[in-house]
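The values are calculated or read from the model by the stated rules, or taken from the named source; none is laboratory data. Fair warning: this is a prediction, and the values are worked out from it, not measured in the lab. All Cβ positions, glycine included, derive from the backbone under ideal geometry; neighbour counts span all protein chains shown.
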Amino acid sequence: MKARHCRPEVSLLRRRVYGRDVSRHLQRTIKSRAVKKLFENNRRWAAAITKDNPQFFETLSLQQNPEYLWIGCSDSRVPPSQIVNLPPGELFVHRNVANLVVPDDPNCLSVIQYAVDALKVKHIIVCGHYGCGGVQSAISERPKGPIDNWLMPIKKLYDRKASVFGEGTGSQARVDQLCEINVIEQVRNVCHTGTVQDAWERGQALQVHGWIYRLSDGLLTDLEVTADGPASVPDL
């Protein structure tokens, strides 16, 4: 029986296809290991909590009764529950790029409504952070795609408050100052939502706070713009 020989171009094609298959397999293996690690972490976390409190998850599953709504940035370095050292069930959370509260975002507005009307939270915390990439992008470059539209309120805020920034203000100091101003603006936006206005009108105890987080030391700062009624909404 004669041996069958592939033409050189066919052999090369097979090697290329085989090489791509091996590469894809390796990529899938690496990805699966990365995801598997998360499940392993989850099992250890749940086991540690159950060891300290065997009824914790059973009790948690029956209800949630948080006192706080946290509106923060999506930045992975700013994890809400860890920052304030609260266990699951104590903090209702909404996060997006640059911690924005805009009137045409049904997601955020629905979260606020559910938190105030259904969960009866007593505090809404808008928390930004220094060095926010969203804030920096809004004033230093023009990002492409949906993020450009999302950051438009910060661009407009920056133009509106241009007189606040001195000529000698460095770029990083300018970004950090705008991060603070942005938090105050979002506190105002929360206060002006129909949900919060209605809650205050019916006498529901509700405070809206503006905080900012520093990545370099892990500490929060209260910007002292807390509002507990229409008369105390901060000016900007």
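Of Val93, Val101, Val126, all but one fail to be assigned to a loop (DSSP other than H, G, I, E, B) and on the phi < 0 side of the Ramachandran plot; the exception is Val101. On the basis of being surrounded by 19 or more Cβ atoms within 10 Å (Cβ to Cβ), in the same structural domain as Ser216 (by TED's automatic domain parsing) and more than 19 Å from Glu224 (Cβ to Cβ), does Gln172 make the cut? Judged against the criteria, Gln172 is not a match.
If you go through the range 129-174 and pick out every residue that is assigned to a helix (DSSP H, G or I), touching a residue at least 24 places away in the same chain (Cβ under 8 Å) and over 30 Å from Thr195 (Cα atoms), you end up with 6. Residues that are modelled with pLDDT of 95 or more and within 12 Å of Val101 (Cα to Cα): does the range 160-180 have at least one? So far as the range 160-180 goes, no, none of its residues is modelled with pLDDT of 95 or more and within 12 Å of Val101 (Cα to Cα). All of (1) exposed (fewer than 13 other Cβ atoms within 10 Å of the Cβ); (2) on the phi < 0 side of the Ramachandran plot hold for Gly218 with one exception: (2). Of all the residues in the range 183-223, those that are farther than 18 Å from Tyr68 by Cβ and either among the acidic types (Asp, Glu) or touching a helix residue (DSSP H, G or I) at 6+ places or on another chain (Cβ under 6 Å) (or both) number 4.
Kindly check whether there is at least one residue in the range 100-109 that is in contact with a strand residue (DSSP E or B) (Cβ under 7 Å, 6 or more places away or on another chain), under 25 Å from Glu185 (Cβ atoms) and surrounded by 19 or more Cβ atoms within 10 Å (Cβ to Cβ).
So in the range 100-109, the residues in contact with a strand residue (DSSP E or B) (Cβ under 7 Å, 6 or more places away or on another chain) come out as 101, 108.
Adding the requirement that they be under 25 Å from Glu185 (Cβ atoms) leaves 101, 108.
Within this subset, residues satisfying the condition of being surrounded by 19 or more Cβ atoms within 10 Å (Cβ to Cβ) are 101, 108.
Taking every residue of the range 100-109 in turn, at least one turns out to be in contact with a strand residue (DSSP E or B) (Cβ under 7 Å, 6 or more places away or on another chain), under 25 Å from Glu185 (Cβ atoms) and surrounded by 19 or more Cβ atoms within 10 Å (Cβ to Cβ).
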